[in-house]
Amino acid sequence: MAKLASGDTQFPVKPRLIEWLVNPFMYVAGVQALVIGLAGILLSSFVGSFSNSHFDGTLDFHTGAAASLRVSLLEGLVDWVSLALVLAVVGKAVSRTAFRLVDLFGTQALARWPTVLAAAAALLPGYQRVALTIAQQLMNPGVAPHYAAADMAAFVLVVLVMVVAMVWMVTLMYRSYSLCCNIRGVKGAWTFVIGLLAAEAVSKLVIVKIIMR
Amino acid sequence: MGPLPSDCPSCGQRLAVKRLTCRACETEVEGLYELPTLASLDRADREFAVEFIQASGSLKAMARLLGVSYPTVRNRLDEIIAKVAEIERQRGQDNG
């Protein structure tokens, strides 16, 4: 059997855990990735509706106001479609490869799985208590806040998990774009950053102007 | 018989064929012949090309066979297409 191990597309035929975590799209794309990815968006919306998590922009993650399942789900779908659509346009303009849209949309949906981790981490009661105290402090700046040490530790831990989840998600988004559109190196990085910022603006606009209205 | 080398182990340039032998009567033909384009690819690329032809040129079938995704196989094919184009370009330059 031919080994796909020359040139730029080097990878082990039997993937290790790290490949599944950082670049699963070498092995999963198309409809399969789309189904798994949409299940992830649904799950993160479901969990987010309990932890009051908002993904109100392609790159945004906040906790705060009560989030209904409908709003959470719409936010996740808008974030996904905005980025996939913008990257498809950028990819068509820049790539020499005739790529399939189902691969890009499917892998971009799959790239949002780390949002499940972020939404689940926000369920921790200690985090919720500190977040609520901070929100109250912002509304009444005169009142001195009191944080329990255990709650503060939980808060810091959850924030760290959220940062890791967001970095992981952006890494997956880039890998998806790079593989599906076959754009690598400096050109791949620049066009991805431009696409990501444009998608952030588009998704924010749609969520604020249409969904939250 | 060993695998056909495509590049010079000393300087890395593409190799040409100097001598051919008939397996039946052992007649030898000497000259300077160019390797066919596909034979100029390295071993992994040649194996991929052969399996791609055997899969009727189906990227989906290749992806299933290799246990990887469709875009991974397509990018690998794009890589080989670029190499073939480069070989053809160099050949065109060599032939004036």
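Each value in this text was obtained by applying a stated rule to the coordinates, not by laboratory testing. The model shown is predicted, which means the values in this text are computed figures rather than measured ones. Ideal geometry is used to build each Cβ from the backbone, glycine not excepted, and the neighbour counts take in all protein chains shown.
Of all GluC sites (Glu not before Pro) in chain B, which ones are in loop regions per DSSP and have a Cβ with at most 11 other Cβ atoms within 10 Å?
Hits after loop and neighbour filter: B:GLU26.
Set Lys and Arg Cβ to +1 and Asp and Glu Cβ to -1, take the dipole of segment B:36-94 about its Cα centre, and tell me which of B:PRO36, B:VAL68, B:VAL84 lies farthest positive.
Farthest along the dipole direction, towards plus: B:VAL68.
Which helices pass in chain A if a helix is a full DSSP H run, must span at least 24 angstrom along its long axis by Cα, and must have mean Kyte-Doolittle hydropathy not below -0.5?
Length and hydropathy pass: A:30-51, A:69-94, A:149-181, A:185-206.
Once you've got the GNM for chain B with C-alpha springs shorter than 10 Å, pick whichever of B:ARG14, B:ARG64, B:ARG43 has the biggest mean-square fluctuation.
Of B:ARG14, B:ARG64, B:ARG43, the most mobile in the Gaussian network model is B:ARG64.
Please identify, among A:PRO145, A:PRO114, A:PRO15, the residue showing maximal mean-square fluctuation in a Gaussian network model of chain A using a 10 angstrom Cα cutoff.
Taking springs between Cα atoms under 10 Å, the residue moving most is A:PRO145.
For segment A:60-83 and segment A:101-134, what is the separation of their C-alpha centers, rounded to whole Å?
About 10 Å separates the Cα centre of segment A:60-83 from the one of segment A:101-134.
Can you tell me the orientation of helix B:43-54 relative to chain B, as the angle in degrees between its alpha-carbon axis and the longest Cα principal axis, to the nearest 10?
60 degrees
Mind checking B:58-70 for the average number of partner chain beta-carbons within 10 Å of each residue's beta-carbon?
4
Quantify how strongly other chains surround peptide B:74-82 by giving the mean number of their Cβ atoms within 10 Å of each of its Cβ atoms.
6
Against the longest principal axis of chain B, how steep is helix B:70-94, in degrees 0 to 90 to the nearest 10, with axes from Cα atoms?
Result, in degrees: 30.
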